[in-house]
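Student: Once you've had a glance at the structure underneath, I'll fire off some questions.
The values are calculated or read from the model by the stated rules, or taken from the named source; none is laboratory data. Because the structure is predicted, anything quoted here is derived from the model rather than measured. Using ideal geometry, Cβ is built from the backbone for each residue, glycine included, and neighbour counts are taken over all protein chains shown.
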Amino acid sequence: MMSDRDTVVSTVLAGTPWAGWQRRSITGDASARRYLRLSSGQESVIVMDAPPETCTDTARFVEIADMLRQQDLAAPRVHLCDLPRGVLVISDLGSIDFAAHLESRPQDEHRLYAAATDLLLALRNATPPDHLIRLTPAVGAGMIGILCPHYTDNDVSGLQSVLESSLIRYAPSPDTLALRDFHAENLIWRGSHDGHSRIGLLDFQDAFVAPDGYDLASLLRDARRDVTPEVSDAMIDRFIKGHGGDEAAVRQQIAVLGVQRNLRILGVFARLAGDGGKTRYLAFLDRVWRHILTDLSVGGLADLREAVLATVPAPTPAHLGSLQT
């Protein structure tokens, strides 16, 4: 029996070259968005099914995809766009993401992460659209408000104030396009291609303008997989060398952005588990917490560390259990 969204997709595809192609569901993301791979022989495309009542950022995906392709980066080409019904047909960049590739070939970790870091250095030259949200210190601090009540009942306003002060000091200037969810499951490895085309880019509809290094923090402090410390340190060194900035300042900027991002993730994943019933996200919280502690160990963040530890409970089994009730 077809769901309502299956019917919508079939209606949009009717009369197109893809109407009769074989459909197969592929992994979606944390939103209501889902993806289908349509195939016929050796050809394939991807359908993004994004219900417009819940997925309001599809037009931004189309805009950012076009901008990235203009930068000679491997973002999907949009073949069909029906925004009123929330259906896109986009090019298929491949089926093997970083996480899947490295599961079978862990020895390639340095190679893949070096390619991703070099892409981020190139992305610094892109001019973001004027209307994107800017991750100012005030906005960054505001974004962790989701911690209460989803992850903790503690008042987080004091922590927000300390975080804003830390961002003002170490990451004050949103001046770089950040794809925002730049991590192993959103990066398609296309090793047979050259240069930046080796990496297919996905899930960038939430892109915003952030201080430089936000996406590197996303890449190296991945909620879903552990990056080996040796590779993580090497990529930060690689970024600093390509960046040309002061080493200590760049490290502090990446660290405070990592803390901001992962504090928000604690709240987002707890909300998905509690309100959305997606309890599988709780399994990631121990790793997210370890990332926060790693970045809080960087020099200059002692006040922020104290505020985090005083406000945010560690994801102990008892605390995780409380998030499911």
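Student: Between residues in the range 214-232 that are of a type in the set (Ser, Thr, Tyr) and residues that are part of a loop (DSSP other than H, G, I, E, B) and at pLDDT 95 or above, which pairs lie under 6 Å by C-beta distance while being six or more apart or on different chains?
Tutor: 218/182; 218/183
Condition check ((1) closer than 26 Å to residue 209 by Cα; (2) at pLDDT 95 or above; (3) not assigned by TED's automatic domain parsing to the domain that holds residue 211) across all residues:
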site: 31; (1), (2), (3): yes, no, yes
site: 34; (1), (2), (3): yes, no, yes
site: 47; (1), (2), (3): no, yes, yes
site: 55; (1), (2), (3): yes, no, yes
site: 71; (1), (2), (3): yes, no, yes
site: 74; (1), (2), (3): yes, yes, yes
site: 118; (1), (2), (3): yes, yes, no
site: 124; (1), (2), (3): yes, no, no
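Student: I'm trying to understand the selection: among the residues of the range 140-168, which are more than 21 Å from residue 270 (Cβ to Cβ) and in contact with a Pro (Cβ under 9 Å, 6 or more places away or on another chain)?
Tutor: Scanning the range 140-168 gives 164, 165, 166, 167, 168.
Student: Of the numbered conditions (1) out of contact with any Phe, Trp or Tyr (no Cβ under 8 Å at 6 or more places or on another chain); (2) in contact (Cβ under 8 Å) with a residue 60 or more places away in the chain; (3) within 17 Å of residue 163 (Cα to Cα), residue 275 fails exactly one; give the number of that condition.
Tutor: For residue 275, the failing item is (3).
Student: Let me ask something additional. Just a yes or no: is a residue in the range 142-153 without any contact (Cβ under 8 Å) to a residue 40 or more places away in the chain, assigned by TED's automatic domain parsing to the domain that holds residue 123 and assigned to a loop (DSSP other than H, G, I, E, B)?
Tutor: For the range 142-153, residues without any contact (Cβ under 8 Å) to a residue 40 or more places away in the chain, assigned by TED's automatic domain parsing to the domain that holds residue 123 and assigned to a loop (DSSP other than H, G, I, E, B): present.
Yes or no, residue by residue, for (1) closer than 30 Å to residue 167 by Cβ; (2) of a type in the set (A, V, I, L, M, F, W, C); (3) touching a His at 6+ places or on another chain (Cβ under 8 Å):
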| site | (1), (2), (3) |
| --- | --- |
| 84 | no, no, no |
| 89 | no, yes, yes |
| 101 | no, no, no |
| 153 | yes, no, no |
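Student: Let me ask another. Go through the range 213-231 and give me each residue that's over 17 Å from residue 202 (Cβ atoms) and not in a loop (DSSP other than H, G, I, E, B). So that I can check it myself, show each step before the final result.
Tutor: Within the range 213-231, the subset over 17 Å from residue 202 (Cβ atoms) is 213-214, 216-217, 220-221, 226-231.
Residues satisfying the conditions are 214, 216, 217, 220, 229, 230, 231.
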